[in-house]
1. What are the radius of gyration and Dmax of the stretch 515-578, computed over its Cα atoms and given in Å?
2. May I ask which residue of 506, 566, 484 lies farthest towards the positive end of the charge dipole of the chain, with charges of +1 (Lys, Arg) and -1 (Asp, Glu) on Cβ and the Cα centre as origin?
3. How would you order 154-166, 47-59 from highest to lowest mean count of nearby Cβ atoms within 10 Å?
4. Using the Karplus curve 6.51 cos²θ - 1.76 cosθ + 1.60 with θ = phi - 60°, work out ³J(HN,Hα) for each residue of the stretch 258-270 in order, rounded to whole Hz, and write x for Gly and Pro.
5. Treating only the Cβ of Lys, Arg, Asp and Glu as charged (+1, +1, -1, -1), what charge dipole size does the stretch 336-448 show about its Cα centre? Round to the nearest 20 debye.
6. For the stretch 145-275, what is the Kirkwood hydrodynamic radius in Å, using each pair of distinct C-alpha atoms?
7. Convex hull over the alpha-carbon atoms of the chain: what's its volume per residue in Å³?
8. Order the peptides 28-38, 211-221 from the highest to the lowest mean number of other Cβ atoms within 10 Å of their residues.
Amino acid sequence: MSFVLTQESLKTLLLEWVELGWIRELDRAFANFLHEQVPDADPLTLLTAALVSHQLGRGHICLALQQVVQAPDETLAIPPEQKGQAIGAVLPSQIFQEVELSAWRDRLAQSPLVEQGAGESPLVLAGNRLYLRRYWQYEQEVAEGIRSRIQMQVAPPEGLGDKLDHLFAPLCSERERARQEISWQMVAAALASRALFTVISGGPGTGKTTTVVRLLGLLQELALNGPGGRPLRIRLAAPTGKAAARLTQSITSALDQLDEGLRTHIPAQVCTLHRLLGPVPGTRQFRHHRGNPLHLDLLVIDEASMVDLEMMACVLAALPPRARLILLGDKDQLASVEAGAVLGELCRGAETPGYSGQLVQWLQEQTGYDLGGWQGQSGALADHIALLRKSHRFDAGSGIGQLAQAVNAGDVAAMEEVWLAGFTDIGRLVLPEETDRTWRRLVLEGDAGQFGEGYLERQDRYGNKLSAPLGYRHYLEYIRSQRPDQACPELCNTWASQVLEAFGQFQILSPLRQGEWGVEGINRRVEAILESAGLIAPQGRAWYEGRPVLVTRNDYGLGLMNGDIGITLCDPMDGGRLRVFFAQADGTVKRVSPSRLAEVETVFAMTVHKSQGSEFTHTVLLMPDKLGPVLTRELVYTGITRARDWFTLAGPQLSLVSQAIQRRTLRASGLGSLLHNPRS
């Protein structure tokens with residue numbers, strides 16, 4: 001039975017959907033606002049506007065009209081248990097079952113609220129996609145910013161082959177040095193040496209940072225030996241403070257492998273994108289923009305999968321016209337929290353051959369590798385994408401690596417084979433009740449019998465032996481056992497740094513924020529277990545020694561960024577008062593009074609989204625008790641690849657993983673179409 005849509009019935013419908021949690025109050029308010037602007041607006045257009053707003057809240061850049069016609073109820077991600085008529089709600093399918101796509105487009109095009117391109121209307125219709133104007137503009141700006149850099153000619157450097165061999169031969173295997181196997185790190189550097197825009201993508205341990213450090217050394221050498229002998233002005237950035245700190249550590253380590261004469265010209269400090277652009281307080285604007293560009297010649301952005309469309313548009317607007325842009329990231333990870341999936345759109349089809357014949361010939365001349373098998377007709381963008389395919393962290397003996405590979409392929413059978421293969425770095429645990437002993441052992445010790453026997457002995461970066469996975473008992477006992485007995489700055493800083501290191505050896509992740517198996521519920525339950533074990537003493541207080549916190553909003557006054565993790569300690573340098581210690585990129589620690597931290601949350605458990613840009617010695621992915629929209633292949637893959645040495649899959653419904661990895665995170669967008677058109 002269809003639903004008759006009128007001005008009055010629309011108001012009732014949207015209110016009902018808000019009460020059911022199918023759309024946000026913001027979406028309803030947007031439709032009402034448009035109605036006030038155009039009182040005689042078509043009800044279907046107003047409903048469509050509410051859906052555009054709703055999709056933006058779910059990370060989509062636009063509303064894909066054809067998908068709505070084909071599967072109306074999926075647009076709202078309605079929980080399966082609410083889809084029946086028993087609850088009496090009007091479903092989208094009742095409204096759109098008789099709507100034809102062409103007729104719908106015509107009605108939208110005739111509305112004063114909609115234009116098909118540049119203009120002032122709040123909505124933009126582009127083909128079968130409807131946008132909020134601001135996001136249509138962002139998409140156009142990102143596409144144009146990337147296209148302009150692709151089209152600019154960069155003279156290929158002379159003597160490149162010898163320089164590549166000097167920089168990358170130490171990294172190559174014997175087969176790669178003999179040119180029997182392609183060194184994709186060398187290929188990536190060659191690609192970037194002749195372009196103003198390059199994407200270097202790869203999974204954990206594929207050498208993205210190592211590649212870019214050597215690439216920067218190559219470009220600096222070319223600049224120093226070129227006309228004028230001026231070094232390139234290079235800046236390094238990442239979306240979050242945690243990602244920036246990790247890249248700083250990685251860059252610092254990789255710099256030791258460069259010739260001494262080049263090291264001084266490669267920056268080791270990484271800042272967040274917000275700090276790079278300079279936010280204007282109280283606005284969405286930045287100090288650096290098209291009229292006041294950044295002072296740089298080359299910008300490297302790490303963890304690019306976390307960069308949303310709006311931020312990418314701001315970055316491209318702030319870049320000088322001839323500045324190089326290099327994006328690093330794992331295309332298979334979760335997309336950004338905010339709207340868009342820029343890296344995924346850029347790397348669409350990167351697994352398949354797509355290089356132009358001209359590029360393949362040039363690469364063979366410079367690297368000695370025959371990439372004829374990677375020649376295709378994917379368009380101009382393909383010549384600017386390098387995919388690192390060989391993991392140096394996870395080999396054939398790594399269960400984590402094998403599991404991540406099976407999940408990334410969506411291969412349920414292969415995933416089950418990995419679980420049954422007896423790897424000692426992966427394990428599964430069913431946790432039926434919150435009081436279960438297995439759950440308690442997992443939280444305290446990190447090992448509840450899920451790994452079997454035969455651990456490989458590991459060491460942390462301080463040389464401490466790790467003969468088995470560790471839980472939260474480890475860092476909490478370390479606080480007490482290693483506390484300095486005197487107020488010595490050096491001893492206190494070392495102690496705090498090692499406490500932070502110890503905490504990072506174990507982390508529980510959840511796909512959800514709310515609910516018994518969401519972050520909020522897990523944090524409460526972990527606190528209760530740790531308190532009962534005598535490891536923490538909250539005593540009803542928000543702040544207590546050992547409390548780990550996650551910064552949830554950038555605080556430039558304190559120098560703390562969204563994603564930074566701190567540990568609350570009784571500070572020997574301040575009479576034992578509680579202070580929250582944060583690790584700094586330069587290896588020092590920052591002390592902050594708890595009273596100054598308004599935007600933080602307890603982080604015994606964090607969402608998988610928040611974990612991006614981090615890695616942990618032992619990672620636990622805690623599955624919920626039922627399937628939900630957020631459970632996708634990309635989420636499971638991201639959770640697994642946060643683990644460096646051990647990974648545990650736990651929860652009441654482990655079978656949900658098989659269903660989750662068959663579902664992809666697909667975000668509606670037109671960016672891929674704008675960039676992958678062979679005529680562009």
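The values are calculated or read from the model by the stated rules, or taken from the named source; none is laboratory data. Since we're looking at a predicted model, the values are computed, not measured. Every residue, glycine among them, receives a Cβ derived from its backbone with ideal geometry; neighbour counts consider all protein chains shown. Keep in mind that these areas ignore ligands, DNA and RNA; they rest on the heavy atoms of the full protein, side chains included. Shrake-Rupley method; radii C 1.70, N 1.55, O 1.52, S 1.80 Å.
1. So, for the stretch 515-578, Rg and Dmax equal 13.9, 40 Å respectively.
2. It is 484, whose Cα lies furthest towards the positive end.
3. Ranked from most to least packed, the peptides come out as 47-59, 154-166.
4. 8, 4, 4, x, 9, 4, 5, 9, 10, x, 9, 8, 10
5. On the way: 8 positive and 16 negative charges, 24 e Å.
That gives the stretch 336-448 a dipole magnitude of about 120 debye.
6. Result for the stretch 145-275 stands at 15.8 Å.
7. Taking the convex hull of the Cα positions in the chain, it is 180 Å³ per residue.
8. Values: 28-38: 16.7, 211-221: 24.5.
The most tightly packed comes first, giving 211-221, 28-38.
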